[in-house]
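A.B. asks: Before I ask anything, here is the structure I am working with.
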Amino acid sequence: MKRLIILACLLIGLASQALGAGQTLRRGNGADPQTLDPGRAQGVPESNILRDLFEGLVTEDACGNLIPGVAQSWSASPDGLTYTFQLRPTARWSNGDPVTAHDFVFSLRRTVDPATGSLYGAILEPITNAREIVAGKAKPDTLGIEALDAHTLVIHLHRPAPFLPGILAHQAAFPVHPSTVVRYGLDFVKPGRLVSNGAYRLKDWVMQSHVLLERNAAYWDDAHTGFDAVRFEATEDIYSELKRFRAGELDITDTVPSMQIGWVKAHLGRALHIAPYLGVYYYGLNLTREPFDDNQALRLALALAIDRDILTSKILHGGEQPAYGFVPPMPGYHGATFPEARMNREERWQKARELYAQSGYSLQRPLEVELLYNTQSDHKILAVAVAQMWQQVLGVRVRLINQEWKVFLQTRQEKRDTQVFRAGWIGDYRDPETFLSILTSWHEMNDTGYASPTYDNALEKAMMEPDATKRFALLEQAERILLQDLPVIPLFFYSSKHLVNPDLGGYRDNIMDHHLSRWMARRKPTGQEAPICSPSS
Amino acid sequence: MLSLILRRLLQAIPTLFLLITISFAMVRAAPGGPFSTERALPPEVERALQARYHLDEPLPQQYLRYLGSVVRGDLGPSFRYEEYSVNDLIAQGIPVTARLGLFAMALALLVGIGLGIAAAWWHHSTVDRLFMLAAVTGISVPSFVLAPLFILLFAVLWHWLPAGGYAPGTIAPMVLPVLALALPQMAYIARLTRGAMLEVLRSPFIRTARAKGLGMRLILLRHALRPALIPVLSYAGPALAGLLSGSVVVEQIFGLPGIGRFFIQGALNRDYTLVMGVTILAGVVIILMNLLVDLAYMALDPRLGARG
C-alpha cells in the first residue's frame, strides 16, 4: 500500500511537471477573455493576448516604445493630415497568405462599422469620417483609408494627430483576415479557424481556464521568437494566482494582492516588479446636482483635505504616486497641478477649512455627502480613509455606499443619485489626450456632468494643433482649466504590479504595462540585462 | 416502477416551467445590463448589440422567444462570449464539474461508509471517539478553508501537486479539488452511517440473527448494512446535486473551468442566458437525483417497491 502511494505521488509529480515547464511561457492574465476578435475586444486581458496573436502597422518593443510592425516605414505630410505606410513584403498570415494594405482597409472599416458592435471604434476618431461612421451617419467605406497597392497604405485624418502611430498599435487597428471573417462571421475567432499575423497563433481556448498560443512559423520575424508556446491562464482570483506563482506554475502574474505586498516584498522580492502605470485613480463629483453644482470652493476644499501621501505610502504601498493633476507623468509632457499642491499639509488644511466655510458649511452645519464605490477591498479601504480625512479636517459627514460593478456603472452613468463616485482611467495610448478627452462634454466616459465650453474649446484647439511642442503646451493649458474647475479629485497614479520569474529574460517594466511574449525567453546563465527601460521610453 | 418514473417526469414539467419563469424575472430585474461598461457604448453600436440579442423586443416577447428555444433544447447565445452558445459553454463545463462531483462523492461514500462501519463496530472505543472527533472537525471545516490549506501544503510547500489550473486528460490538477470537496461530505456520511448502523444493531431482527449464532462480521455486512444505508442514500442524492453548486467555490479557488465558475461569472457579467441555462441545468439535475434516490430506496427496501 505504502509503495502504491509513493508511486502515485511520483506519477502525479511527473504529470504536473509536464503541465507547464519547458518552452511554454505561462502568464497569469486576470479575467477570462471575452472575445479574441481584435475589432470587438475591450479589456486588458484580451489586449494582452491579442498583442501576441496579431500585429498592427505599428507595434511595441519590450519597453513599450513604438516600433515598425507590419509597416516597415511611414511618413506624414507637412500638415500632418496624411500618413503613408510602406508594408513589409515579408509579412504573412498564419496560413501563409501575404498581409496586404487591403487587409487593413477591410479591418479598420470593420472596427468603425456599428454593426460590428465595437466599443473601440471611437479610438480611430482622428481618421476622416470615423466619428460619423460610428454614429451611423456615414457608410463604413467612406473611412479615410485607402490601399494604393498591396503594400502601400494611406490614412487620411480630419485633424492632426501626432499620436496616430500609438493608436495603430492598439488592437482596434489590428488586421483581421478578410476571407475568414467573411466566411465564418463572428465565429472566425474560434480555435482551428482564427488566422492571425502576429508572433503566435491560436492553438486552444478552454473557457474559464486558459488560452494556449503556439509559435506562428509564418511570422516575418519568427527567428527571434523566444518561446514555442504561451499559455494565458484565467486568474481572476488574485490570491490563488499568488499561490500558483509560488508553486512555480506561472512565470508572470497579472497582479499582486495589495494586502500581501509587504509579505511579497520580504519573501519574493527578487520576483516583484512594481512600475509606474499610465493610469489615474480619482473621485468624480456629480456636477448636475447639489452640493457640488456651482460650488468650486467646496470641491477644492475636499480635494485639499485629502492627504495623498498617506493613501499611497501607508495604505497602498505598492508604488502608486500621489496625484495633484489628472494626466499621469509621461515623457515630454509637463502636466499641470493644482496650485495648492506645493503647500505643506498644515497650509493645505488651513486653506481647505477656509474654502469650506466660504462655501457655507461649518461644524454646526456640516456637509453630508455620499461616496459611492464598486465592491472591492482596496476601494473600500481608500474610501474609508478619505472619509476619515474629510471628517477630521472639515467635519464632513460621509456615507459610504458600495455596489457591485455593473450596478455601480449604471448608477454612475445615470448621474441621478451619485454625489462622489470612484473612477479610474488607464490610457489607451501614450498621449495626454486619452485622459483629457474623457472629461469633455461629449465623451461617453464623462459621468460628472461637467460641460464647460471653455474646457472643450481649449482641448479642441490643442487637437487641431499640428506642431507637437505647441500641442503639448495647449494640452497643458486645458489640464489647468480642468484643475481649476475640479469636476474630479485625482487621488493617485496607478502602478503595475507583477511577479516575474527571475529566470525569465526579456521582460521589461514599462509605463504601458504591455509585454509582448515575443521578446521573452528563458534566461541563459550568461548575459545580465538592464532591468529598467530608459527614461526616454 | 415504470409508472413512478413517468409520473415523476411529468411532475417535473410544471416545476421547470416555474423555475424558468421565476429566474427569467429575477435575472432581468437585476440592475445593470450585459453591455454596461465603464465607457458607455455609442448609441448606434448599442442598438446593433440590442438587436443582435433581441433585447429591443418587449419583455413578454423575449420571454416567449426564450421559452420556445428552451423547449427545442437551445439555451440561446451567451452574452459574454459572443461567439459561443450557452449549450457550448455547458457542454464544456459539465465534464469538469461532473468528474469533480462524482469522484468527490464516490470517495466520500467509500471512505465515509467504511469509517462509519468501523466506528459502529468498535462502538464506544478509542477508535470510535477518534473517528468521530475527526468527523466533527471535518464537517465544521468547509471546503473554502480546506482548499487554500491543501494548496499551501501540497503545492507551495512540497510541490507534489499543482496549485490550480486545468489540463484536459490529466489527473493531477483534479486531486486537490476532489479532496477539498470530498472531506466535509465524507465526515458527514461517516457520522450518518455510524448512527444508522447503531440503531439497526439494536433492532429485533439483529438480535434474532445473533441468537442464531451468526458471526458479528456477517451480521454487520449482510444484515445491518443494507437498512443502515437508507439514510445515507437519502442524504447522498441531494448532496450529489448539491456538489454541483458546492463546487462553485472549489472551482473558483483551483481555477477549474466547470459549471460553477460559469455560473458566478455569468451572474457578474449579466450573461442572462448563461445564468438561466445553468439554473435550468441545476433544476434538472436535482429532479433526476431525487428520482434516482427513490429508485435506490426500492432496491434497498423491498417494502417500498410494493407500494410504489
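A.B. asks: Yes or no: segment B:220-243 includes at least one residue that is modelled with pLDDT under 85 and of a type in the set (S, T, N, Q).
C.D. replies: Looking through segment B:220-243, at least one residue is modelled with pLDDT under 85 and of a type in the set (S, T, N, Q).
A.B. asks: Outside any helix (DSSP H, G or I), in contact with an Asp or Glu (Cβ under 6 Å, 6 or more places away or on another chain) and closer than 30 Å to A:ASP428 by Cβ, is that true of A:LEU278?
C.D. replies: Against the criterion (outside any helix (DSSP H, G or I), in contact with an Asp or Glu (Cβ under 6 Å, 6 or more places away or on another chain) and closer than 30 Å to A:ASP428 by Cβ), A:LEU278 does not qualify.
A.B. asks: Go through segment B:156-173 and give me each residue that's open to solvent by less than 10 Å² (accessible area, probe 1.4 Å) and more than 7 Å from chain A (Cβ to nearest Cβ).
C.D. replies: B:PRO173
A.B. asks: Now for a separate question. Determine which member of the set A:LEU285, A:LEU272 is away from chain B (no Cβ under 14 Å), hydrophobic (A, V, I, L, M, F, W, C) and more than 30 Å from B:PHE144 (Cα to Cα).
C.D. replies: Only one candidate qualifies: A:LEU285.
A.B. asks: When segment A:351-378 is examined, which residues are found to be open to solvent by less than 20 Å² (accessible area, probe 1.4 Å) and outside any loop (DSSP other than H, G, I, E, B)?
C.D. replies: Result: A:ALA352, A:LEU355, A:TYR356, A:VAL369, A:LEU371, A:LEU372, A:TYR373, A:ASN374.
A.B. asks: Given segment A:411-514, what helices (runs of 4 or more DSSP H) lie entirely inside it while holding 2 or more residues that are more than 23 Å from the chain's Cα centre (by Cα)?
C.D. replies: It comes to A:453-464, A:468-485.
A.B. asks: Against the condition open to solvent by 40 Å² or more (accessible area, probe 1.4 Å), assigned by TED's automatic domain parsing to the domain that holds A:GLU214, of a type outside the set (Phe, Trp, Tyr) and at pLDDT 95 or above, how does A:HIS177 come out, does it pass? Explain how you work it out, then say what you get.
C.D. replies: Details: open to solvent by 40 Å² or more (accessible area, probe 1.4 Å): no; assigned by TED's automatic domain parsing to the domain that holds A:GLU214: yes; of a type outside the set (Phe, Trp, Tyr): yes; at pLDDT 95 or above: yes.
Considered against the rule, which asks whether it is open to solvent by 40 Å² or more (accessible area, probe 1.4 Å), assigned by TED's automatic domain parsing to the domain that holds A:GLU214, of a type outside the set (Phe, Trp, Tyr) and at pLDDT 95 or above, A:HIS177 comes out as no.
A.B. asks: Something else: Go through segment A:390-410 residue by residue and tally those that are within 14 Å of chain B (Cβ to nearest Cβ), β-branched (Val, Ile, Thr) and in a helix (DSSP H, G or I).
C.D. replies: 1
A.B. asks: Search segment A:239-259 for residues being under 23 Å from the mean Cα position of the chain (by Cα) and assigned to a loop (DSSP other than H, G, I, E, B), and hand back the single one that is nearest to the other protein chains (Cβ to nearest Cβ).
C.D. replies: So the residue we want is A:LEU250.
A.B. asks: With respect to A:ALA247, determine if the residue is modelled with pLDDT under 95, within 21 Å of B:LEU161 (Cα to Cα), in the same structural domain as A:GLN23 (by TED's automatic domain parsing) and surrounded by 16 or more Cβ atoms within 10 Å (Cβ to Cβ).
C.D. replies: Here the answer is no, as A:ALA247 does not meet what is asked.
A.B. asks: Only one residue in A:GLY192, A:GLY185 is over 30 Å from B:GLN252 (Cβ atoms) and either open to solvent by 10 Å² or more (accessible area, probe 1.4 Å) or assigned to a loop (DSSP other than H, G, I, E, B) (or both), so which one is that?
C.D. replies: A:GLY185
A.B. asks: Another question, then. Going by the conditions given, is A:GLY64 within 22 Å of A:ILE511 (Cβ to Cβ) and in a loop (DSSP other than H, G, I, E, B)?
C.D. replies: Judged against the criteria, A:GLY64 is a match.
A.B. asks: If only one of A:ASP447, A:ASP417 is buried (at least 20 other Cβ atoms within 10 Å of the Cβ) and within 21 Å of A:VAL398 (Cβ to Cβ), which one is it?
C.D. replies: Numbers: A:ASP417 fails: buried (at least 20 other Cβ atoms within 10 Å of the Cβ).
Step by step, each of A:ASP447, A:ASP417 is checked, and only A:ASP447 is buried (at least 20 other Cβ atoms within 10 Å of the Cβ) and within 21 Å of A:VAL398 (Cβ to Cβ).
A.B. asks: Same structure again: Within segment B:239-253, is there a residue that is buried (at least 20 other Cβ atoms within 10 Å of the Cβ), farther than 30 Å from A:ALA31 by Cβ and in contact (Cβ under 8 Å) with a residue 12 or more places away in the chain?
C.D. replies: The answer is yes; a qualifying residue exists.
A.B. asks: Tell me which residues, restricted to segment A:396-414, are farther than 25 Å from A:PRO45 by Cα and either in contact (Cβ under 8 Å) with a residue 40 or more places away in the chain or open to solvent by less than 10 Å² (accessible area, probe 1.4 Å) (or both).
C.D. replies: Of everything in segment A:396-414, just one residue is farther than 25 Å from A:PRO45 by Cα and either in contact (Cβ under 8 Å) with a residue 40 or more places away in the chain or open to solvent by less than 10 Å² (accessible area, probe 1.4 Å) (or both), namely A:VAL396.
A.B. asks: Does B:GLU251 qualify as being over 30 Å from B:ALA163 (Cα atoms) and outside the structural domain of B:ILE13 (by TED's automatic domain parsing)? Reasoning before the result, please.
C.D. replies: Details: over 30 Å from B:ALA163 (Cα atoms): no; outside the structural domain of B:ILE13 (by TED's automatic domain parsing): yes.
Judged against the criteria, B:GLU251 is not a match.
A.B. asks: If B:SER85 meets every condition in (1) away from chain A (no Cβ under 14 Å); (2) in contact with a strand residue (DSSP E or B) (Cβ under 7 Å, 6 or more places away or on another chain) apart from one, which number is that one?
C.D. replies: Among (1) away from chain A (no Cβ under 14 Å); (2) in contact with a strand residue (DSSP E or B) (Cβ under 7 Å, 6 or more places away or on another chain), the lone unmet condition for B:SER85 is (1).
Residues checked against (1) touching a His at 6+ places or on another chain (Cβ under 9 Å); (2) aliphatic (A, V, I, L, M); (3) at pLDDT 95 or above:
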| site | (1), (2), (3) |
| --- | --- |
| A:TYR219 | no, no, yes |
| A:PHE232 | yes, no, yes |
| A:GLU241 | no, no, no |
| A:PRO257 | no, no, no |
| A:GLU290 | no, no, no |
| A:ILE306 | no, yes, yes |
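A.B. asks: With a cut-off of at least 3 residues that are under 30 Å from B:ALA296 (Cβ atoms) and in contact (Cβ under 8 Å) with a residue 60 or more places away in the chain, name the helices (runs of 4 or more DSSP H) lying wholly within segment B:1-77.
C.D. replies: B:2-29
A.B. asks: Only residues in segment A:290-310 that are under 18 Å from A:GLN391 (Cβ atoms) count as the first member; pair them with residues that are surrounded by fewer than 20 Cβ atoms within 10 Å (Cβ to Cβ) and of a type in the set (S, T, N, Q), Cβ under 7 angstrom, at least 6 apart or cross-chain, and list the lot.
C.D. replies: A:LEU298/A:SER359; A:ALA301/A:SER359
A.B. asks: Select from segment A:105-162 the residues that are more than 11 Å from chain B (Cβ to nearest Cβ), open to solvent by 10 Å² or more (accessible area, probe 1.4 Å) and of a type in the set (S, T, N, Q) and list them in ascending order.
C.D. replies: Scanning segment A:105-162 gives A:THR128, A:ASN129, A:THR142, A:THR152.
A.B. asks: Also, I was wondering about something else. Considering only residues that are among the small types (Gly, Ala, Ser) and either in contact (Cβ under 8 Å) with a residue 60 or more places away in the chain or open to solvent by less than 10 Å² (accessible area, probe 1.4 Å) (or both), look in segment A:420-438 and name the one that is farthest from A:PHE292 (Cα to Cα).
C.D. replies: Going residue by residue through segment A:420-438, those that are among the small types (Gly, Ala, Ser) are A:423-424, A:427, A:437.
With either in contact (Cβ under 8 Å) with a residue 60 or more places away in the chain or open to solvent by less than 10 Å² (accessible area, probe 1.4 Å) (or both) added as a condition, the list becomes A:423-424, A:427.
Working: A:ALA423: 17, A:GLY424: 20, A:GLY427: 27 Å.
Checking each candidate, the answer is A:GLY427.
A.B. asks: Out of curiosity, is B:GLY68 open to solvent by less than 50 Å² (accessible area, probe 1.4 Å) and farther than 26 Å from A:GLN42 by Cβ?
C.D. replies: On the way: open to solvent by less than 50 Å² (accessible area, probe 1.4 Å): yes; farther than 26 Å from A:GLN42 by Cβ: yes.
Here the answer is yes, as B:GLY68 does meet what is asked.
A.B. asks: Residues of segment B:1-43 being under 30 Å from A:ARG412 (Cβ atoms), among the β-branched types (Val, Ile, Thr) and within 29 Å of the chain's Cα centre (by Cα), which ones? Full working, then the answer.
C.D. replies: Step one: list which residues in segment B:1-43 are under 30 Å from A:ARG412 (Cβ atoms), which gives B:22-43.
Within this subset, residues satisfying the condition of being among the β-branched types (Val, Ile, Thr) are B:22, B:27, B:37.
Within segment B:1-43, B:ILE22, B:VAL27 qualify.
A.B. asks: With segment B:213-308 as the region, which helices (runs of 4 or more DSSP H) entirely inside it contain at least 2 residues that are farther than 23 Å from B:MET197 by Cα and in contact with a Leu (Cβ under 7 Å, 6 or more places away or on another chain)?
C.D. replies: B:225-254, B:259-268, B:272-300
A.B. asks: Of the residues A:ILE67, A:ILE49, which is at pLDDT 95 or above and farther than 16 Å from A:HIS210 by Cβ? Spell out the reasoning first.
C.D. replies: Values: A:ILE49 fails: farther than 16 Å from A:HIS210 by Cβ.
Only one candidate qualifies: A:ILE67.
A.B. asks: Here's something else I'd like to know. If A:SER441 satisfies all but one of (1) among the polar types (S, T, N, Q); (2) within 23 Å of B:PRO43 (Cβ to Cβ); (3) within 13 Å of another protein chain (Cβ to nearest Cβ); (4) surrounded by fewer than 19 Cβ atoms within 10 Å (Cβ to Cβ), what's the number of the condition it fails?
C.D. replies: Just one mismatch for A:SER441, condition (3).
A.B. asks: Looking at A:GLY262, A:GLY269 in this structure, which one is more than 25 Å from the chain's Cα centre (by Cα), closer than 23 Å to A:VAL386 by Cα and among the small types (Gly, Ala, Ser)? Steps first, please.
C.D. replies: Details: A:GLY269 fails: closer than 23 Å to A:VAL386 by Cα.
From the options A:GLY262, A:GLY269, the qualifying one is A:GLY262.
The values are calculated or read from the model by the stated rules, or taken from the named source; none is laboratory data. Just so we're clear, the structure is a prediction, and the values are computed from it rather than from any experiment. Ideal geometry is used to build each Cβ from the backbone, glycine not excepted, and the neighbour counts take in all protein chains shown. SASA here: full protein model, heavy atoms, side chains in, ligands and nucleic acids out. Shrake-Rupley method; radii C 1.70, N 1.55, O 1.52, S 1.80 Å.
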